[in-house]
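What follows is a short report on a single structure.
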Amino acid sequence: AAEVAKTYATRHSTRFVDEREFQGDLPAIMQAMDQPTIDGLNTWFVAKAAKEKGLKVAISGLGGDELFCGYPSFQDIPKWVGRVGFAAGAPSLGRAARIVGGPLLAALGANSKAAGMLEYGGTYPGAYLLRRGLFMPWQLREILARDVAEEGLRRLAPLALIEREMTPPPASPTATVSALESALYMKNQLLRDTDWASMAHSIEVRTPLVDAVLLAKAAGVAAASGLPLSKSLIAEAPARPLPALVKTRAKTGFMTPIAQWRRRSNIGRMDGGAAWTSAKTYWARDWAKLLLADGDFLQRDMLARPPLASAE
């Protein structure tokens, strides 16, 4: 960000967020959430910093990854469908592989969703659920009673819900993933979480990349140039292109290191006092379990906790 600001002679500010501030803000963050979510913490602190600078409106790059293929899902999902599509017509095969292979994969330390690859990875709806689902259907019994989980899955019908976003059928694998990411992840999670987290600080966030006209024009440019729709197109668009350092660096995002902070402070406890689970567990799964188990736990826990001592 500093390099971009230097290139275009714009103002740049750096704002640090530490564990003490994170703990202090948690009750207000929980109060501002309009529904339980694993997202929005980054936007909360960015909007807070913008408010401190006296800003009223902020421009976000939200939508850029969906439009310009910035997520790993653009590579992963078509690859999975191509490799295990043969199993799509034999659901019993995939289910058997999950039941038999799941414990072995868990013992080897594999991703907990890997057992569902044959069962779900052979179709775009299944592969998308596998890529984006925080919990897979068979894992819901970890946090819900069996009858509640089964009835919820019956009503929600996640695979059918995902498939509806592929109607009419997109023209290519890339277009398919873009449609799914835009309609499901961006619309249902990113946009709504950006809204509550920014409005809590009275900051209006505008998203110029979430635009149907831009999508049509970008697709036209890509088709005319013979290049894939990617961030390189927008990187070369300014009269003064982005610095090479920016164009060649690996994709990064702004995330609060909640995994480290919550383990060190043991924020929240599950199951009547059980501590957070193994460090190998994806932090968002623990966070989701806590939110579901007790929506007020963080406010009670943090209000009762003595503040961290200031660093000397």
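The values are calculated or read from the model by the stated rules, or taken from the named source; none is laboratory data. Owing to the predicted nature of the structure, the values given are computational and were not obtained by experimental measurement. Note that we place each Cβ from the backbone using ideal geometry, even for glycine, and neighbour counts take in every protein chain shown.
If a residue has to be under 29 Å from residue 79 (Cα atoms) and either surrounded by fewer than 12 Cβ atoms within 10 Å (Cβ to Cβ) or of a type in the set (D, E, K, R) (or both) to count, how many in the stretch 130-156 make the cut?
4
Looking at residue 98 and the list (1) over 30 Å from residue 27 (Cβ atoms); (2) among the charged types (D, E, K, R); (3) modelled with pLDDT of 95 or more; (4) touching an Asp or Glu at 6+ places or on another chain (Cβ under 7 Å), which single condition is not satisfied?
The failed condition is (3).
Given the conditions (1) free of Cβ contacts under 8 Å to residues at least 40 places away in the same chain; (2) closer than 23 Å to residue 230 by Cα; (3) of a type in the set (A, V, I, L, M, F, W, C); (4) assigned to a helix (DSSP H, G or I), which single one is not true for residue 171?
Residue 171 satisfies every listed condition except (4).
When residues of the stretch 50-70 are filtered for being out of contact with any Ser or Thr (no Cβ under 6 Å at 6 or more places or on another chain) and either buried (at least 18 other Cβ atoms within 10 Å of the Cβ) or free of Cβ contacts under 8 Å to residues at least 12 places away in the same chain (or both), how many remain?
Total satisfying the criteria: 5.
Exactly one of these conditions fails for residue 195: (1) charged (D, E, K, R); (2) surrounded by fewer than 16 Cβ atoms within 10 Å (Cβ to Cβ); (3) touching a residue at least 60 places away in the same chain (Cβ under 8 Å). Give me its number.
Only one criterion is unmet by residue 195, namely (3).
So residue 188 fits all but one of (1) within 30 Å of residue 54 (Cα to Cα); (2) in contact (Cβ under 8 Å) with a residue 40 or more places away in the chain; what number is the exception?
(2)
Name the single residue that is modelled with the lowest pLDDT among those in the stretch 113-125 being crowded, with 18+ Cβ neighbours inside 10 Å and within 25 Å of residue 283 (Cβ to Cβ).
Of everything passing the filter in the stretch 113-125, 113 is modelled with the lowest pLDDT.
Could you please let me know if residue 161 is without any contact (Cβ under 8 Å) to a residue 40 or more places away in the chain, outside any helix (DSSP H, G or I) and in contact with a Leu (Cβ under 9 Å, 6 or more places away or on another chain)?
no
Considering only residues that are in contact (Cβ under 8 Å) with a residue 60 or more places away in the chain and part of a helix (DSSP H, G or I), which ones fall in the stretch 1-28?
Listed by number, the residues that qualify are 3, 4, 7, 19, 20, 22, 23, 24, 26, 27, 28.
Only one residue in 293, 235, 284, 274 is at pLDDT 75 or above, out of contact with any Lys or Arg (no Cβ under 9 Å at 6 or more places or on another chain) and small (Gly, Ala, Ser). Which one? Spell out the reasoning first.
Details: 293 fails: at pLDDT 75 or above; 235 fails: out of contact with any Lys or Arg (no Cβ under 9 Å at 6 or more places or on another chain); 274 fails: at pLDDT 75 or above.
Going through 293, 235, 284, 274 in turn, just one is at pLDDT 75 or above, out of contact with any Lys or Arg (no Cβ under 9 Å at 6 or more places or on another chain) and small (Gly, Ala, Ser): 284.
Identify all residues within the stretch 33-84 that are assigned to a loop (DSSP other than H, G, I, E, B) and either aromatic (Phe, Trp, Tyr) or over 15 Å from the mean Cα position of the chain (by Cα) (or both); write none if there are none.
33, 34, 35, 53, 54, 55, 56, 60, 68, 71
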